[in-house]
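Take a look at the structure set out below.
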Amino acid sequence: LGPDAAPDPNRPWGTRRFAAPTPWASPLADYLAAGAEAFPDQPFERAVHDLVAFDGRLHLAYGDATLNLGRVVPIEHRAFTDPSDPTALVSEGESREEHLDGFRRFGDRLLLPGIDAVDDAWLGNVYLRALGSPWRMARTVDRGVHVHDAVQWGASLYAVGSGATPEAWGNGNVYAHLWISRDDAATWQVLHTEHNERVGDARFTRLLPLDDALYLFGYRSDAQGSINRLLAGTWDGAAYTPFAPEHPLAGAFITGSMPLSDPTPQAAPEGLVWGADVRAEPLKARAWRVSAGEVTVVDALVGHTLIDLSRVDATGEWLVLTHAGDTWAQTPDPWAATLWVATPSFDGLTEILTLAPAAPLRSVAAWGDALFFGDAAGDVLKAEALP
């Protein structure tokens with residue numbers, strides 16, 4: 001490029017080079033100070049949980065649903081407006097959540113589940129933001145105590161989480177929920193529930209919208225809060241069918257999912273899910289490709305733990321953030337990570353950065369011509385593009 005030439009936004013990111021990421025911004029300083037004051041002797045979630053580039057801005061998610069930090073300091077919809085200016089941070093309004101995480105982009109808008117509402121009224125929240133529009137809170141999820149994921153599948157919106165009526169909750173009856181909205185989140189109806197059997201909790205936590213079915217993943221827990229049974233199956237538009245015991249994903253604790261193409265207006269034919277293979281000893285972190293009911297392990301990621309998967313809008317490629325080692329819940333010391341770029345169809349992976357940051361990384365996004373990372377300490381790092 002000449003000195004005045006603009007970077008080519010369509011150049012594949014797998015062919016680009018980047019400097020090592022360096023600290024760029026601390027967008028959660030007020031939140032961290034409030035948390036430290038309220039909980040001086042307890043660790044709380046400090047991380048930038050998620051990043052997404054949308055509508056010319058870099059949006060971030062944060063919060064702590066365990067210690068309910070949204071009751072101490074408002075959890076806001078925050079975004080950077082200029083990839084060259086770390087001080088260009090704005091609030092797009094307060095949420096009514098303890099914790100924000102899990103951006104989903106469908107066409108020209110974002111969806112964001114309300115993981116734990118500040119206002120306890122047996123209604124859950126889903127947040128929506130269209131191009132050029134402010135965030136809209138839909139406080140309409142019937143019986144939604146926790147809403148963990150929200151997607152579009154066909155012409156309707158779907159969400160999953162846990163909840164109950166007040167009477168059922170008071171009697172120890174909690175249910176994993178699948179909800180549907182046919183009117184763009186104005187109202188939500190319960191499609192399917194799974195009972196906790198009056199012990200612990202029951203939750204659906206992840207969705208994967210594909211053209212053959214809507215895939216659901218979750219768990220039941222015991223009275224001490226430990227997960228003791230997995231929930232996994234499909235919704236075909238009329239009924240929920242749990243996976244048979246021999247299904248490859250019946251023994252998977254799924255923490256992330258992503259369709260591999262934009263599922264609107266038609267559903268994506270393939271997707272990725274990742275989490276822990278609980279049939280392995282010790283438990284192993286795995287990523288699986290799902291296509292037309294067929295499930296295969298992503299062999300290229302064996303030996304790594306997938307942390308975040310983020311789409312590059314201009315090229316359709318995928319940023320794949322992993323850390324070294326695939327023993328589940330084992331944090332490398334020193335912490336080491338790799339950033340890969342995958343083709344749009346996820347048929348090939350190119351390693352573009354090895355990373356050894358001061359704090360573990362939680363999220364990644366491409367914005368402008370640079371890479372941005374959210375870490376566990378509440379900071380955003382930037383990796384500048386090299387010529």
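How far apart, in nanometres, would the label points at ARG71 and THR241 be if each is projected 7 angstrom from Cα along the Cα-to-Cβ direction?
4.4 nm
Among the trypsin sites (Lys or Arg not before Pro) in the stretch 14-58, which ones are in a DSSP loop with at most 13 other Cβ atoms within 10 Å of the Cβ? Mind listing them?
Within the stretch 14-58, the qualifying trypsin sites (Lys or Arg not before Pro) (loop, at most 13 other Cβ atoms within 10 Å) are ARG17.
Over the chain, give the accessible area per residue in Å² for a 1.4 Å probe, as an integer.
42 Å²
What do you get for chymotrypsin sites (Phe, Trp or Tyr not before Pro) in the stretch 92-139 restricted to DSSP loop and a cutoff of at most 10 other Cβ within 10 Å of the site's Cβ?
none
At what distance in angstrom do the alpha carbon centres of the stretch 341-387 and the stretch 119-138 lie from each other?
Spelled out, the Cα-based centre of one part sits 29 Å from the other.
Roughly what % of Cα-Cα distances in the stretch 145-239 sit above 17 Å, to the whole percent?
47 percent
Over the stretch 26-73, consider all pairs of different Cα atoms and compute the Kirkwood hydrodynamic radius from their mean reciprocal separation; express it in Å, one decimal.
So the Kirkwood estimate lands at 11.6 Å.
On the accessible surface of the stretch 328-387, probed at 1.4 Å, how many percent belong to carbon and sulfur atoms?
On the stretch 328-387, the fraction of accessible area on carbon and sulfur atoms equals 52 percent.
Let me have the 222 nm mean residue ellipticity of the chain computed from DSSP H runs of 4+ only, each contributing -39500 (n - 2.57), with the sum over all residues rounded to the nearest 500.
Helices in the chain give a 222 nm mean residue ellipticity of -1000 deg cm²/dmol.
Normalised by the empirical 2.2 N^0.38 Å for globular proteins, what value does the Cα Rg of the stretch 167-305 take?
So the Cα radius of gyration is 1.10 times the expected 2.2 N^0.38 Å.
Starting from 0.36 nm per residue, how many nanometres of slack lie between SER84 and GLU384 once their C-alpha separation is accounted for?
Full extension from SER84 to GLU384 adds 107.0 nm.
Give me P(r) over the chain, computed from all C-alpha to C-alpha distances, binned every 20 Å, as integer percentages.
28, 62, 10, 0
Please report, as a whole percent, how much of the solvent-accessible surface of the stretch 93-178 comes from carbon and sulfur atoms (probe radius 1.4 Å).
50 percent
Give me the percent relative contact order of the stretch 153-230, please, defined on Cα pairs under 8 angstrom at least 6 residues apart.
Rounded, it is 25 percent for the stretch 153-230.
The values are calculated or read from the model by the stated rules, or taken from the named source; none is laboratory data. Everything numeric here is computed off the predicted structure, so don't read it as measured data. Positions of Cβ are backbone-derived with ideal geometry, glycine not excepted, and every protein chain shown enters the neighbour counts. SASA here: full protein model, heavy atoms, side chains in, ligands and nucleic acids out. Shrake-Rupley method; radii C 1.70, N 1.55, O 1.52, S 1.80 Å.
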